[in-house]
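Some notes on the structure that comes next.
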Amino acid sequence: MVGDGVIGSYVDGLVGRGVVRSAGVERAFRRVPRHRFVERFWVGRDSAHEVGADGWSAEALGLVYSDEALITRRDAEGNPTSSASQPSVVAMMLEALDLGPGMRVLEIGAGTGYNAALMAEVVGDQRLVTTIDIDPDVVAQTRGLLARAGYGAVEVVCGDGALGHAASAPFDRVVATVGCSDISWGWVEQMNPDGLLLVPLDHGGSHPLVKLRVGSTGRVAGRIVGWTGFMRMRGDLETAGPWALRPPDVGDRAPDAVRPLFPALERALADSPAGADAEAEWWRMPSAWYDFHFFACLCDERAYRGPEGLGLVDEAGTRAALIRRDGVQVWGGSGLYEELETAYRRWERLGAPALSSWRIEVVPRGTGIPESRGSEEVFVVERGRSRQVVRKKGREERAE
Ligand SMILES: C[S@@+](CC[C@H](N)C(=O)[O-])C[C@H]1O[C@@H](n2cnc3c(N)ncnc32)[C@H](O)[C@@H]1O
């Protein structure tokens, strides 16, 4: 038996961190017990926690009601293939979806069913929620978990989410809870006019959360509303992005040179409360670091980020220029460093745009984009089925 207090403090934490903001989402989190949606999980590389005949141990319950992703499936190499996502990311995405009572919603990536149950609470009718997972084993378990938790009328479909689910369309919202290398035009076709598509869209190995409105003319445009790191989608949409994502192959070799940190990144670090923690991984860096990484990926397909730092790595992996807290480390001559610096200067000239400063439009691959010619502010990312046009927002669009 899990007391209301445990769930209460968990939700208070999400509200306190500002990720749960609306009454509908808060109510949903208070009503849906997360521990009913997992039977066995891992946090990081720790050993598995399993629910027993007497329920969960106090330690496991503490993890279930913390801000941790709960890994529920792994492949033969131990890499996660299914999970209950980190609660603050779940909350951020639910808020970004602008769900309301009576809306019909499609989720790609059913996982444990926890998010589907939360969405059912927000829209007020379980029958309005369809969730798809590609893994039959996950689907069988999740159908059972949803039914036992009282959400048996949520539709759980087994299949490749890239196809959407025409039988239950049209949808007001389509949300992917798995990292996508592209959008699917099936999702766009199955959407009501003025519907919203929320996709963690691969960008140099991370997943900025892209919120796109599907206009009545079929125009698909929007902006970035957050930064996430999801497991990658399998199936038909599993195509490689334009980025090489080549890890540096420098072994224990000391860098040939260490150049000073770029000024805006240095200032951001000095202003950050985590500034003193020299061991912090790059993803705990101040937001300006993510903003620059996003931009570097627009400029150069050799853009890389990883535990070694962020910057550029050449195809062979032997030349690299990587930004770290203590400066820019350079291997194999100054060429890549100069290119990285050129990208930095360009970003600075544009006013060091944040993630929210870009307007995103997605058009079918092959569509011409006349406004991109010769412009410093427009970039095109070629994906499997679409071209993503990324344009710095004008002054009048800033408040959006
Ligand atoms: C992070 S989990 C989803 C979390 C889930 N929303 C929850 O509330 O627990 C990602 C899921 O996406 C599924 N997945 C991967 N590729 C898929 C595809 N092409 N179509 C549908 N599901 C897919 C995985 O099997 C995995 O269960």
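The table below lists the values:
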| item | result |
| --- | --- |
| Complete set of residues in region 121-139 that are in a strand (DSSP E or B) and within 9 Å of the ligand (Cβ to nearest atom) | Thr131, Ile132, Asp133 |
| Residue in region 29-36 that is within 15 Å of the ligand (Cβ to nearest atom), of a type outside the set (S, T, N, Q) and more than 30 Å from Ala167 (Cα to Cα) present | yes |
| Qualifying positions in region 140-169 - part of a loop (DSSP other than H, G, I, E, B) and free of Cβ contacts under 8 Å to residues at least 12 places away in the same chain | Gly150 |
| Residue list for region 201-210, restricted to those being part of a strand (DSSP E or B) and over 12 Å from Ala96 (Cα atoms) | Leu201, His203, Ser206, His207, Pro208 |
| Criterion: touching a Ser or Thr at 6+ places or on another chain (Cβ under 7 Å), crowded, with 18+ Cβ neighbours inside 10 Å and not acidic (Asp, Glu) - qualifying residue of Arg365, Arg325, Arg383 | Arg383 |
| Per-region count, region 64-95, residues closer than 15 Å to Asp135 by Cα and buried (at least 21 other Cβ atoms within 10 Å of the Cβ) | 5 |
| Answer from Leu146, Leu106, Leu61 - the residue that is surrounded by 23 or more Cβ atoms within 10 Å (Cβ to Cβ), more than 8 Å from the ligand (Cβ to nearest atom) and more than 22 Å from the chain's Cα centre (by Cα) | Leu146 |
| Pair list, Cβ < 7 Å and 6+ apart or interchain, from region 225-238 residues that are under 26 Å from Pro136 (Cβ atoms) to residues that are within 8 Å of the ligand (Cβ to nearest atom) and hydrophobic (A, V, I, L, M, F, W, C) | Phe230/Val178; Met231/Val178; Met233/Val178; Arg234/Ile134; Gly235/Ile134; Gly235/Ala162; Asp236/Ala162; Leu237/Ala162 |
| Some residue of region 48-58 being touching a residue at least 12 places away in the same chain (Cβ under 8 Å), at negative phi and within 10 Å of the ligand (Cβ to nearest atom) | no |
| Selected residue (criterion: nearest to the ligand (Cβ to nearest atom)) from residues of region 64-80 that are under 21 Å from Val2 (Cβ atoms) and part of a loop (DSSP other than H, G, I, E, B) | Ala69 |
| Selection count where residues are of a type outside the set (Phe, Trp, Tyr) and away from the ligand (no atom under 15 Å from the Cβ), scope region 227-242 | 3 |
| Count - residues of region 81-103 that are touching a helix residue (DSSP H, G or I) at 6+ places or on another chain (Cβ under 6 Å) and within 9 Å of the ligand (Cβ to nearest atom) | 3 |
| Selection from region 211-256 of residues that are among the small types (Gly, Ala, Ser) and either within 15 Å of Glu308 (Cβ to Cβ) or not in a strand (DSSP E or B) (or both) | Gly215, Ser216, Gly218, Gly229, Gly235, Ala240, Gly241, Ala244, Gly251, Ala254 |
| Lone unmet requirement of (1) farther than 28 Å from Ala140 by Cα; (2) under 22 Å from the mean Cα position of the chain (by Cα) for Val25 | (1) |
| Residue count, region 187-209 (criterion: farther than 18 Å from Gly241 by Cα and buried (at least 21 other Cβ atoms within 10 Å of the Cβ)) | 7 |
| In region 329-379, the residues that are of a type outside the set (Gly, Ala, Ser), without any contact (Cβ under 8 Å) to a residue 40 or more places away in the chain and assigned to a loop (DSSP other than H, G, I, E, B) | Arg365, Thr367, Ile369, Arg373, Glu376, Glu377 |
| Where a residue in region 188-204 is free of Cβ contacts under 8 Å to residues at least 60 places away in the same chain and its partner, wherever it lies, is of a type in the set (Phe, Trp, Tyr) and in a loop (DSSP other than H, G, I, E, B), with Cβ under 6 Å and at least six apart | Pro200/Phe230 |
| Selection count where residues are more than 10 Å from the ligand (Cβ to nearest atom) and either on the phi > 0 side of the Ramachandran plot or polar (S, T, N, Q) (or both), scope region 165-185 | 2 |
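Listed here are the residues, each with its yes/no results for (1) modelled with pLDDT under 95; (2) touching a Pro at 6+ places or on another chain (Cβ under 8 Å).
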{"site": "Arg31", "(1), (2)": "no, no"}
{"site": "Arg36", "(1), (2)": "no, no"}
{"site": "Arg40", "(1), (2)": "no, no"}
{"site": "Asp46", "(1), (2)": "yes, no"}
{"site": "Asp54", "(1), (2)": "yes, no"}
{"site": "Ala58", "(1), (2)": "yes, no"}
{"site": "Leu63", "(1), (2)": "no, no"}
{"site": "Arg73", "(1), (2)": "no, yes"}
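The values are calculated or read from the model by the stated rules, or taken from the named source; none is laboratory data. In this text the structure is predicted, and so the values were computed from the model without any measurement. Methodologically, a virtual Cβ is constructed for each residue, glycine included, from the backbone with ideal geometry; neighbour enumeration extends over all protein chains shown.
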